[in-house]
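K.L.:
Pasting in a structure now, in structure tokens, and then I'll have a few things to ask.
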Amino acid sequence: MENIRVRFAPSPTGPLHIGGIRTALYNYLFAKKHGGTFILRIEDTDQGRYVPGAEEYIIDSLKWCGLLPHEGPGFGGEYGPYRQSDRKEMYRRFALDLVERGGAYYAFDTPEELEERRKAEAAQGNHNFKYDNAARPSMKNSLSMPPAEVECLLSAGADHVIRLKVPDNEAVVFNDIIRGEVSFQTNELDDKVLLKADGMPTYHLANIVDDHLMKITHVIRGEEWLPSTGHHVLLYRAFGWEKTMPQFAHLPLILRPDGKGKLSKRDGAKFGIPVFPLGWQGSTPEDSFDGFREFGFLPEAVVNFLAFLGWNPGTEQEIFTIEALCEVFSLDKISKGGARFDFDKAKWFNQQYLHATDGATLARLVKPSLVAAGHDADDDYLTAVCNLMKDRLSLLTDFTEQAAYFFGDVKVYDDQNIAKRWTPESRPLFESLATAIENATSFDAAGLEALVKNFMETRNLKPGQVMPILRLALAGTMQGPAVYEMMAVLGRERTGRRLEKAFGYFDGLEAK
Ligand code: GLU
């Protein structure tokens, strides 16, 4: 395929849902796969729905995921500006041109008149009034009124919109890459407003004009835009741009974890899951939330997870870096059916990426939350702890809690398990083990393992009689990395102090 140009065209009406990020990702992968261009276009012509900060949020989210556009606001490119509000003068020209060509017309009906007509229709039992080819002759527009009257209204500066003239009784058929042949009957389509009374274009006009001018070859977007595509194809025809009309690919919905309907913004709070890439500070607490980043996800894992929400490579392989995804991605492996959001699967992906992260990198990532929790850690020590803990984490945010005993005294002991295993009579035995450990010639995992094993063998003890006690004494819990490695990381001094303190505590517990 040559000169592939695709765009991600979000409207800055609030934080970007992960469905939006998935759309961006599929566009990015498709462009990269074919050596094409990935464009970011901000569709902000609907001033009423504009939310301050949303554009920055979109860009920050794309950057966090590593989906950098080749062209876009702040990214350069020869087809700019890439923000529709910076292009608004131009759309009027295109709308007027369409009127000239007979593909659109002026409509002078006021909002009150339209409302009245709607009510009158409803009173007749038609609750779904549409400004369409059937209604057109009875409305106030340049197709129903004498030309002189239209001229007069226009020169007097009367408020008007420009509407698409949807042809009568035709089938609009196009081939969707994912869904195959899709068709619409023009009699079911309304005459969409293209240019509003304030001179601003609607989404439909601006979107088609920009896709044309930016030489977009493929429109890859969410399923919710499929119903608009009939109008879009008609617009390409009306402009005479049919030959260069992009190909369409409508992505499947992302479904709620329970599979019941589309995943919405509110489902984040409802299911306790992130549905946005980054956190968002809204004006109220209800409007503020954590994103995948704040939940403790690595962006690489989020990208891998999202890639599989509606697509698969056709093999068993699940772990793909973004570079690997660029190679294997193809639109024909996208499913038609909705993809259920599975949070456990998201965590599984994150776990795989955390395992593969080296200790020093992980140390850098967890340090801020460790410091925020009041711990102080030297980088080498933190790296050693990270190397030990990384296989046990599924979220970065688990680290501070799960590894807390590496950074200060054990705060909580698992009393129940201790009571099951400890007897005051065992104290002298464990005291001598502690002394042997403190005096180990080589205080590394292998040396400690040899030492403890030898200690057990000479006394005819089984690992089950010794190791859980050591673990509980060092970490307070039955969970955690291998005991020898834990001791090696804690170091001779900390280990010694901890064992002594713990045995005292264990005895006290028995006395209770
Ligand atoms: N501005 C639309 C949105 O918010 C773009 C839809 C499209 O890609 O055509 O998703």
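The values are calculated or read from the model by the stated rules, or taken from the named source; none is laboratory data. Keep in mind it's a predicted model, so treat the numbers as computed, not measured. Virtual Cβ from ideal backbone geometry, glycine too; neighbours counted across all protein chains shown.
K.L.:
Going by the structure shown, is residue 323 part of a helix (DSSP H, G or I), acidic (Asp, Glu) and either crowded, with 20+ Cβ neighbours inside 10 Å or touching a Pro at 6+ places or on another chain (Cβ under 8 Å) (or both)? Please lay out each step first, then the result.
P.N.:
Details: part of a helix (DSSP H, G or I): yes; acidic (Asp, Glu): yes; either crowded, with 20+ Cβ neighbours inside 10 Å or touching a Pro at 6+ places or on another chain (Cβ under 8 Å) (or both): no.
No.
K.L.:
Do any helices (runs of 4 or more DSSP H) lying entirely in the range 350-405 carry at least 3 residues that are within 20 Å of residue 293 (Cβ to Cβ) and either touching a helix residue (DSSP H, G or I) at 6+ places or on another chain (Cβ under 6 Å) or of a type in the set (A, V, I, L, M, F, W, C) (or both), and which ones are they?
P.N.:
Counting at least 3 such residues, we get 359-372.
K.L.:
Cβ-Cβ distance below 7 Å, separation of 6 or more or different chains: which pairs start in the range 80-102 with a residue that is in contact (Cβ under 8 Å) with a residue 24 or more places away in the chain and end on one that is among the aromatic types (Phe, Trp, Tyr) and in a helix (DSSP H, G or I)?
P.N.:
From the range 80-102, the pairs are 98/239.
K.L.:
As an exercise: evaluate residue 50 against (1) modelled with pLDDT of 95 or more; (2) in contact with a Ser or Thr (Cβ under 9 Å, 6 or more places away or on another chain); (3) within 16 Å of the ligand (Cβ to nearest atom); (4) not aliphatic (A, V, I, L, M) and give the number of the one condition it does not meet.
P.N.:
(1)
K.L.:
Same structure again: With respect to residue 96, is the statement that it is under 19 Å from the mean Cα position of the chain (by Cα) and either more than 14 Å from the ligand (Cβ to nearest atom) or modelled with pLDDT of 95 or more (or both) true? Lay out the reasoning, then the answer.
P.N.:
Working: under 19 Å from the mean Cα position of the chain (by Cα): no; either more than 14 Å from the ligand (Cβ to nearest atom) or modelled with pLDDT of 95 or more (or both): yes.
When the stated conditions are applied, residue 96 does not pass them.
K.L.:
Restricting to the range 223-239, name every residue that is free of Cβ contacts under 8 Å to residues at least 60 places away in the same chain and among the hydrophobic types (A, V, I, L, M, F, W, C).
P.N.:
225, 226
K.L.:
From 300, 242, 286, 323, grab the single residue that is closer than 30 Å to residue 186 by Cα and either touching a residue at least 24 places away in the same chain (Cβ under 8 Å) or more than 16 Å from the ligand (Cβ to nearest atom) (or both).
P.N.:
Step by step, each of 300, 242, 286, 323 is checked, and only 242 is closer than 30 Å to residue 186 by Cα and either touching a residue at least 24 places away in the same chain (Cβ under 8 Å) or more than 16 Å from the ligand (Cβ to nearest atom) (or both).
K.L.:
Now a separate question. For the subset of the range 213-232 comprising residues that are more than 13 Å from the ligand (Cβ to nearest atom) and over 22 Å from residue 333 (Cα atoms), which member is surrounded by the fewest Cβ atoms within 10 Å (Cβ to Cβ)? Give the steps one after another, and end with the answer.
P.N.:
Pass one, the range 213-232, residues more than 13 Å from the ligand (Cβ to nearest atom): 213, 215, 217, 230.
In the following step, the residues that additionally are over 22 Å from residue 333 (Cα atoms) were identified as 213, 215, 230.
On the way: 213: 12, 215: 14, 230: 22.
The residue in question is 213.
K.L.:
When the range 411-455 is examined, which residues are found to be of a type in the set (A, V, I, L, M) and buried (at least 17 other Cβ atoms within 10 Å of the Cβ)?
P.N.:
Step one: of the range 411-455, the residues of a type in the set (A, V, I, L, M) are 412, 418-419, 429, 433-434, 436-437, 440, 445-446, 448, 450-452.
Scanning the range 411-455 gives 418, 433, 434, 437, 440, 445, 448, 451, 452.
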